[in-house]
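S.K.: My structure is below; once you've seen it, I'll send some questions.
The values are calculated or read from the model by the stated rules, or taken from the named source; none is laboratory data. Just so you know, these numbers come straight off a predicted model, no measurement behind them. Don't worry about glycine lacking a Cβ; one is built from the backbone with ideal geometry, like all the others, and counts go over all protein chains shown.
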Amino acid sequence: MKTDITRADILSLERYEAVRADKRADVRAARKNRRVEVGPFANFVFENYDSLWLQIHEMLRIEKGGDPQIADELAAYNPMVPKGRDLAATLMFEIADPDRRDTALGKLGGIEAMITLSFGEHTITGEPDDDIERTRQDGKTSAVHFLHFRFTDEQAAAFKTPDTEITLAFGHSGYRHASVLGENVRNALAGDFA
């Protein structure tokens, strides 16, 4: 299991174009078992080395910033690669209508600190990425958040046990929703632990 994307892992744009369709298809297929919907408009995508490797290459392809951009992309995305005792997720509040989105996000300030994974006797609270403040002073939260769920050895072993019921939940008064992860999702995410 690779836990860091290095400069040596980055393909030239020409080499990337040659493998792009296959890599995108692979990540798209894997994401089916790494995506969890919670409530009417929250979607989590649990990231891994492959999904973030693809994201870096897509950014390089779009922006064409060359070598200087590579260091920036590695710095931005490497912290999200699971390190063997954590899960990393991108949370997106997906509301197409801009007015409805603004209203909903305006009521969800601080929600990024109120997300848990629960299984057996264990509850792990997600830790929001601290790259920027995701809830503004006016109480409006961002439509996108990056979270880490850090596990002890005991918690990782419990999570990896087949048929363990795992619940992903929001504890925010304005969005009290939860979803039980399917066994296919639990199994895919268990592969993120060393």
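S.K.: In this structure, does Asp4 turn out to be touching a Lys or Arg at 6+ places or on another chain (Cβ under 9 Å), within 19 Å of Ala71 (Cα to Cα), of a type outside the set (Ser, Thr, Tyr) and at pLDDT 95 or above?
M.R.: Numbers: touching a Lys or Arg at 6+ places or on another chain (Cβ under 9 Å): yes; within 19 Å of Ala71 (Cα to Cα): yes; of a type outside the set (Ser, Thr, Tyr): yes; at pLDDT 95 or above: no.
Taking the combined requirement at face value, the residue does not satisfy it.
S.K.: Kindly indicate whether Ala194 is closer than 24 Å to Tyr49 by Cβ and either at pLDDT 95 or above or touching a Phe, Trp or Tyr at 6+ places or on another chain (Cβ under 8 Å) (or both).
M.R.: Working: closer than 24 Å to Tyr49 by Cβ: yes; either at pLDDT 95 or above or touching a Phe, Trp or Tyr at 6+ places or on another chain (Cβ under 8 Å) (or both): no.
So Ala194 fails the test.
S.K.: In the range 66-85, is there at least one residue being closer than 24 Å to Gly171 by Cα, surrounded by 15 or more Cβ atoms within 10 Å (Cβ to Cβ) and out of contact with any Asp or Glu (no Cβ under 6 Å at 6 or more places or on another chain)?
M.R.: yes
S.K.: A follow-up question, please. What number of residues within the range 33-65 satisfy the criterion of being out of contact with any strand residue (DSSP E or B) (no Cβ under 7 Å at 6 or more places or on another chain), basic (Lys, Arg) and either at pLDDT 95 or above or surrounded by 15 or more Cβ atoms within 10 Å (Cβ to Cβ) (or both)? Please lay out each step first, then the result.
M.R.: Of the residues in the range 33-65, the ones out of contact with any strand residue (DSSP E or B) (no Cβ under 7 Å at 6 or more places or on another chain) are 33, 40, 48-65.
Within this subset, residues satisfying the condition of being basic (Lys, Arg) are 61, 64.
Next, from what is left, pick out any that are either at pLDDT 95 or above or surrounded by 15 or more Cβ atoms within 10 Å (Cβ to Cβ) (or both): 61.
Qualifying residue count for the region: 1.
S.K.: Would you mind finding the one in Val27, Val19, Val38 that is among the aliphatic types (A, V, I, L, M), within 25 Å of Arg150 (Cβ to Cβ) and out of contact with any Phe, Trp or Tyr (no Cβ under 7 Å at 6 or more places or on another chain)?
M.R.: Working: Val19 fails: within 25 Å of Arg150 (Cβ to Cβ); Val38 fails: out of contact with any Phe, Trp or Tyr (no Cβ under 7 Å at 6 or more places or on another chain).
One residue alone meets the criteria, Val27.
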